[in-house]
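Taking it in order: structure first as structure tokens, then the write-up.
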Amino acid sequence: MKRVLLVGCGAEIGASLLAMNDPSRDGFSIDTILTRSIEPDAHNPHLKPLDSLYARIVLAQPQMLDEVKVCHERDTLMIRGREIRVYFGESETANVGDLGGPFDVCILATSKKQIGTPALTERFLYSARYVIGVAEAPGIPALYANLIGVARHLLPNPPRAIGNHRIFCLGSCQSNGWHAQLRALLDMASRYQLTFDMRGTEIDIVHPDTPTGRLGTHSVEARSQDPRNNFRPSFSQIEQSMRLLFPQGHHVHTVSLRTLTMPPGYQISRFYFSYAHPEGKRLNRQDILDSFEETAREYPDTLRLAHVPLGSRGFEASESSAIMLAGEHYLRFVHDPFQQGGSSVLCELIAQCYVHNVRGYCRSVLNTIRLLTQDANPLAFFPVEAPATLTAVPSHVISV
């Protein structure tokens, strides 16, 4: 069984990864945690930091209420009968050699800033073969679960063999949901043998509030403001991923509107592309829907099509990265919307999807770890500029 170290269990992603990891399905076990200790609660002096960790997991995944047990004597958690060792400390200063390695993979589920800091990520290579971060990170190769096996000729910057690189980012939760929609579009181009050119991408996001932020008015920054009865303009890392995959295109992310609701959130994606059919045919909406249905059947963790327009609550338990509304009011295709004419006109596809920024994203993270630990030749997306400067495996890395 492959071993995985989780660094950071103070938010929904880390806690949900623990709850969702099924070694019999995934082929690996998250068996060790390094996370920051919680200050004692004066009103509950009998509780210890392990109890706080228990609370994080159950609040992130309430169905785990009776599946998580605390063992104070051994400093471990029991999740569905599986023992997980817990170390409390800071990711910047903890002695990595004391964590009980070696590990096959280390997941950094701390912060975007830490994932993009080489001095921090590289220190975990002392005990793990691969280090992966749950965010976008400029300058670091990206592993995108929903684009595994995509037709490489359709991407201006196709994935390449990872070689000796051992540090990767996995993209943000919103990038992950957008990749699912992109995958469906690229699969369609491949199935119909189209000559395909992505000209531009745009996206609007409604993002569920995340409970890790400061929920007061301690800052003028929108995400720190009171979320009650208050839509807050925010941002996403998604444009980084758009430009990584399509370096020369037009890409716009207008707003990631945060609101006080549970996941999943919502995305409105616009894809602008030109194409040529080998038989000179013109695509229609039904052609696209038929192909998207096939992608959903082939990759259920990536895409789900919803023919009944349920509200977001209906998809709270779904682990698909994107749940695309299939009705004609939601999934729209326009051939030559700008009335350009000619044989290579610009087309527009509008997709509206629920995107689960916790369960859907965590399933993609688990699938990516399975790829790293089982695939003999995994591929990653490398930044276009100066790939030779990317962090490769240092001389001190362990051999797992």
Once the Cα gyration tensor of the chain is diagonalised, semi-axes √(5λ) in Å: 37, 25, 19
Sorted peptide list for 53-60, 309-316, criterion being average Cβ within 10 angstrom, highest first: 53-60, 309-316
Accessible area of the chain divided out per residue, in Å², using a probe of 1.4 angstrom: 45 Å²
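Just to confirm a number: summing +1 for Lys and Arg and -1 for Asp and Glu over residues other than residue 338 whose beta-carbon lies under 12 angstrom from that of residue 338, what do you get?
-1
Mind checking the dipole of the stretch 173-359: about its Cα centre, +1 per Lys or Arg Cβ, -1 per Asp or Glu Cβ, Debye to the nearest 20? It would help to have the intermediate numbers written out before the result.
Numbers: 18 positive and 20 negative charges, 83 e Å.
The dipole magnitude comes to about 400 debye.
How large, in percent, is the carbon and sulfur part of the accessible surface of the stretch 173-359 at a probe radius of 1.4 Å?
On the way: 4190 of 8630 Å².
Here it works out to 49 percent.
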Percentage relative contact order, the stretch 173-359, counting C-alpha pairs under 8 Å, at least six apart: 28 percent
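Tell me the relative contact order for the chain as a rounded percent, counting alpha carbon contacts under 8 Å between residues six or more apart. Each step should come with its number before you reach the end.
Numbers: 837 pairs, mean separation 74.8, N = 400.
Reported relative contact order: 19 percent.
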HN-Hα J in Hz across the stretch 12-26 - Karplus 6.51, -1.76, 1.60, θ = phi - 60°, x for Gly and Pro: 5, 5, x, 5, 6, 4, 4, 5, 8, 5, 10, x, 5, 8, 7
From phi via Karplus (6.51, -1.76, 1.60), per-residue ³J(HN,Hα) for the stretch 123-134 in Hz, x at Gly/Pro: 5, 7, 6, 5, 10, 9, 5, 10, 10, 10, x, 8
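What percent do you get for the relative contact order of the stretch 214-295 when only Cα pairs under 8 Å and 6+ apart count? Mind dumping the intermediate values first?
Values: 56 pairs, mean separation 16.8, N = 82.
Reported relative contact order: 21 percent.
The values are calculated or read from the model by the stated rules, or taken from the named source; none is laboratory data. Bear in mind the structure is a predicted one, so any value in this text is a computation, not a measurement. So basically every Cβ, Gly included, is an ideal-geometry build from the backbone, and we count neighbours across all protein chains shown. Side chains included, ligands, DNA and RNA excluded: accessible areas come from the protein's heavy atoms. Shrake-Rupley method; radii C 1.70, N 1.55, O 1.52, S 1.80 Å.
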